[in-house]
Every structure is written in C-alpha cells, then in structure tokens.
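One structure is given here, and the rest of the page talks about it.
Since every read-out is calculated from the coordinates, none of them should be taken as a lab result. All of these numbers come straight from a predicted model, not from anything done at the bench. Neighbour counts run over all protein chains shown; Cβ positions are idealised from the backbone, glycine included.
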Amino acid sequence: MSQFAYRLTRVMLSALVAVMALGSQLAAALEVGDKAPDFSLQASDGKTYSLSEFSGDKPVVIAFFPKAFTGG
C-alpha cells in the first residue's frame, strides 16, 4: 500500500470515528444525498488533513474495519 493510500485510510478512519462520536447531531442536520461537510482531523503521522483536500478529484470513501491492525 502506498504511503498516500495509508495516510488517506488513516484520515478516513479518524473521520468515521468523529462522525460516530457526533452521531445524533449530524444525523439531525444531514439528509440522505446531502454533501458531507468539510472537516479536518489529525492523522497518526501528526499531519492534519481535511476532506476538502481529497474531494473533487476522486471519490472519497470512508471505511471502518473493527479491530483493524490488532491481534483481537
């Protein structure tokens, strides 16, 4: 996996955690088909990434893998 893909994966996983943490607030504010709001998160490499850096060029997918990269 390329370093860019790894970083993008980490950013998207962090975004998913943030969205889950804000769950009910975002669910009330967004409707199906609405565009995702821009957000910024710090990745494990210490850099901060925002959704707007990636959107527009290619589709952005947020994926969550329970217990990813763990022994459990």
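Overview of values
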item	result
Packing rank of 53-60, 2-9, 29-36, 13-20, where each peptide gets the mean count of other beta carbons within 10 Å, highest leading	13-20, 2-9, 53-60, 29-36
Stretchable slack from GLN3 to VAL32, in nm (0.36 nm times residue separation minus alpha-carbon distance)	7.2 nm
